[in-house]
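Here is the structure we will look at, set down as C-alpha cells.
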Amino acid sequence: MTSLDDLPIRDDLRGRSPYGAPQLDVPVRLNTNENSYPLPEPVVEAISKAVAAELRDLNRYPDRDAVALRADLADYLGHGLGVGDVWAANGSNEVQQQLLQVFGGPGRTALGFTPAYSMHPLLATATGTAWRDGRRDADFGLTVAHAVAQVREHRPDVVFLCSPNNPTGTALDPAVLDAVLAEAPGMVVVDEAYAEFARPGTPTALALLPGHPRLVVTRTMSKAFGFAGGRLGYLAADPAVVDAVQLVRLPYHLSALTQAAARAALAHRETLLGTVRAIKEQRDRIVSGLRARGRTVADSDANFVLFEVGADQRAVWRVLLDHGVLVRDVGLAGWLRVTAGTPEETDAFFAAVDAWTAGVA
Ligand code: PMP
C-alpha cells in the first residue's frame, strides 16, 4: 500500500492532519455549529425552481463575477455596501483562502489569537503563509494591550480576528479591533461567521469599512441561513480588495447552481433567519442550564457554547456520544463545545450531561 509518506508532497505539509470534525451518524449532532432546522418547504420549492431554471444553460460557464448574487448579498448586509464591495465564494473558507493567497503566501505571515477558528492556521499553511499563534488571556478574552503587543511583535501581513470567536463564542471588544487596525502593517480580516447570533448591541466590523481599505469582513450563509450544504461565503471590503482577490480566484469558481440557489435563499431571508431567535433561546438555555449545574461557561454571542468539564474532555466527549449526543472536542484541555439547535436537542444534551455527572458521582 502506498502511503502519504511515499508521495512527493510539499515538505511543509508532511505530518499534517486535514481538518476533520467527525461526521458521525448519531441522533443529536451538535458538533459543527450547523443550523439544526431543515429548510422550510416554501424555500425548498423556491430553490428548486431557481436551480431548475439554470439546468438548460449548464453547457455555458456561469457568471464569473457572480454580479447578481453579490448585489443581493450587499443588499442583505446594508451599511451602504454595493456590489463592488462584496465578493463571494464556496464558503467563507474559500474566501479566506483567497485572501491568504493574495495577501499571504511564501515569505509572509498571518497572526491569529488562539483559541480561535482552527481553519485559519490550516489555510495559512496550505497557502505557504507562516502562521503565528497569538495568545488570548486565561479567560479567553483579548485585551487591547495584549493584542497590540502581539501585532507589534510579529508584524504580520494578515491578522485574523474572529467575532463572535469560535470556539469561545464571545464577540470581540470593538476597542481591540480599533487598536489592531491602527497597529497592523497589513490586512485585518474579521471573521464574522456567527454575526447574526450576536446579543443585542454587539457591533459589526462592517461599520468600520469606510476609511479602512485594509479591513476585510467575512461572512457565511452556512450558519444563520441554514445553508451549510449550499456552500456560500462572502466578504465585504474596499473595492480594491475585491479587485485583488480576482488575481487568485479560479475562473468560474462559483457554479451557476450555487449562485441560483443562494439567490433564492437570500430572497427568502426573512423565513430562513426566522430560526435565529429560536436558536439564540436554546443557546441562552444551554448557558444558564450549564451554569445552574455548576459548570464554568463562556458568554456566547454565537450558536454554540464552550463549557468546562473539569476532567479529560476526550473521555467526557465519549460519554456524551454514548448517550447519542455528538459535541466538539476542540482540543482545549478540560473544555467542550456544543452547538445550540432545537429545544429537543437541548433536552437530549442536558440528559446526556446529567447521565455523565450521575455516572461520575
Ligand atoms: N469561520 C468560522 C469562525 C467558522 O466557525 C466556520 C465554520 N465552522 C467558517 C468560518 C467556515 O464556514 P463556511 O466555509 O461554511 O462558510
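A few comments on the model shown:
- Residues (touching a residue at least 40 places away in the same chain (Cβ under 8 Å), surrounded by 21 or more Cβ atoms within 10 Å (Cβ to Cβ) and under 21 Å from the mean Cα position of the chain (by Cα)) located in segment 336-361: ARG337, VAL338, THR339, ALA340, GLY341
- You will find that of ARG283, ARG249, ARG219, the residue that is closer than 30 Å to THR357 by Cα, within 16 Å of the ligand (Cβ to nearest atom) and crowded, with 18+ Cβ neighbours inside 10 Å is ARG283 and no other.
- GLN101 being among the polar types (S, T, N, Q) and under 29 Å from TYR252 (Cβ atoms): yes
- Number of the exception - ALA138 against (1) buried (at least 18 other Cβ atoms within 10 Å of the Cβ); (2) within 27 Å of LEU30 (Cα to Cα); (3) without any contact (Cβ under 8 Å) to a residue 24 or more places away in the chain: (1)
- Screening the candidates ARG291, ARG263 for the property of being outside the structural domain of ASP65 (by TED's automatic domain parsing) and either aliphatic (A, V, I, L, M) or in a helix (DSSP H, G or I) (or both) yields one hit, ARG291.
- Test: residue in segment 54-63 that is more than 16 Å from the ligand (Cβ to nearest atom), crowded, with 18+ Cβ neighbours inside 10 Å and farther than 30 Å from LEU208 by Cα: yes
- Some residue of segment 323-331 being surrounded by fewer than 18 Cβ atoms within 10 Å (Cβ to Cβ), assigned to a helix (DSSP H, G or I) and either assigned by TED's automatic domain parsing to the domain that holds ALA292 or not charged (D, E, K, R) (or both): no
- Apart from one condition, ILE47 fits all of (1) under 18 Å from GLY230 (Cα atoms); (2) assigned to a loop (DSSP other than H, G, I, E, B); the exception is (2).
- Of all residues making up segment 155-188, the number that are aliphatic (A, V, I, L, M) and outside any helix (DSSP H, G or I): 8
The values are calculated or read from the model by the stated rules, or taken from the named source; none is laboratory data. This one's a predicted model, so the numbers in the text were calculated from it and none came from an experiment. Cβ coordinates were reconstructed from backbone atoms using ideal geometry, including for glycine residues, and neighbour counts include every protein chain displayed.
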